[in-house]
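The values are calculated or read from the model by the stated rules, or taken from the named source; none is laboratory data. Please read these numbers as outputs of a predicted model, since none were measured by experiment. Every residue, glycine among them, receives a Cβ derived from its backbone with ideal geometry; neighbour counts consider all protein chains shown. Heavy atoms of the whole protein, side chains included, go into the accessibility calculation; ligands, DNA and RNA do not. Shrake-Rupley method; radii C 1.70, N 1.55, O 1.52, S 1.80 Å.
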Amino acid sequence: VQLQASGGGLVQAGGSLKLSCAASGRIFSGYAMGWFRQAPGKERDFVATITWSSSTSYADSVKGRFTISRDIAKNLAYLEMNNLQPEDTAVYYCAAKLTSSRATFTHWLQYNYWGQGTLVTVSS
């Protein structure tokens, strides 16, 4: 399984970006997908996750601003980010976890597969 994240870039505060995560193979059934981010010198933090049954969960810091979604037919997952703030600046990673559970998984250690990351920079 290979994941590739894209869509990062430089945006002004208050702006929007939409990240994409392309997966090889038709793997989304039975997989939870997650987005994490890591700022320089900081730990990798949970951002959002979507279960195989399309339940979602978000970090408190992004609730109401970010939306996670997926397109099983296209093997894509998305993270739509609105009202971006400088504190959102980080490398964003998509991840996949093989599971049939309806539970949400919010720690990076729970995920099996990772994309290479895409940099999001928000200027003030």
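Here are a few things to note about the model shown:
- Of all residues in segment 12-27, those being open to solvent by 20 Å² or more (accessible area, probe 1.4 Å), at pLDDT 95 or above and part of a strand (DSSP E or B) number 4.
- Top-ranked residue of segment 88-124 - restricted to ones that are assigned to a loop (DSSP other than H, G, I, E, B) and hydrophobic (A, V, I, L, M, F, W, C), ranked as modelled with the highest pLDDT: PHE105
- From the options THR56, THR67, residue that is in contact with an Asp or Glu (Cβ under 8 Å, 6 or more places away or on another chain) and under 17 Å from TYR92 (Cβ atoms): THR67
- Meets criteria (closer than 26 Å to GLY30 by Cα, small (Gly, Ala, Ser), part of a strand (DSSP E or B) and open to solvent by less than 60 Å² (accessible area, probe 1.4 Å)) for ALA77: yes
- Number of the exception - TRP52 against (1) part of a strand (DSSP E or B); (2) more than 20 Å from GLY117 (Cα to Cα): (1)
- For segment 28-56, a residue qualifies if it is of a type in the set (Gly, Ala, Ser) and open to solvent by less than 30 Å² (accessible area, probe 1.4 Å), and the qualifying residues are GLY30, ALA32, GLY34, ALA39, ALA48.
- Residue list for segment 104-124, filter: open to solvent by 70 Å² or more (accessible area, probe 1.4 Å), of a type in the set (Ser, Thr, Tyr) and out of contact with any helix residue (DSSP H, G or I) (no Cβ under 6 Å at 6 or more places or on another chain): TYR113
- First in segment 39-60 and closer than 20 Å to ARG102 by Cβ, second anywhere and small (Gly, Ala, Ser) and open to solvent by 80 Å² or more (accessible area, probe 1.4 Å), Cβ under 9 Å, 6 or more apart: TRP52/SER29; TRP52/SER100; TYR58/GLY64
- Segment 2-11: number of residues that are outside any strand (DSSP E or B) and open to solvent by 40 Å² or more (accessible area, probe 1.4 Å): 1
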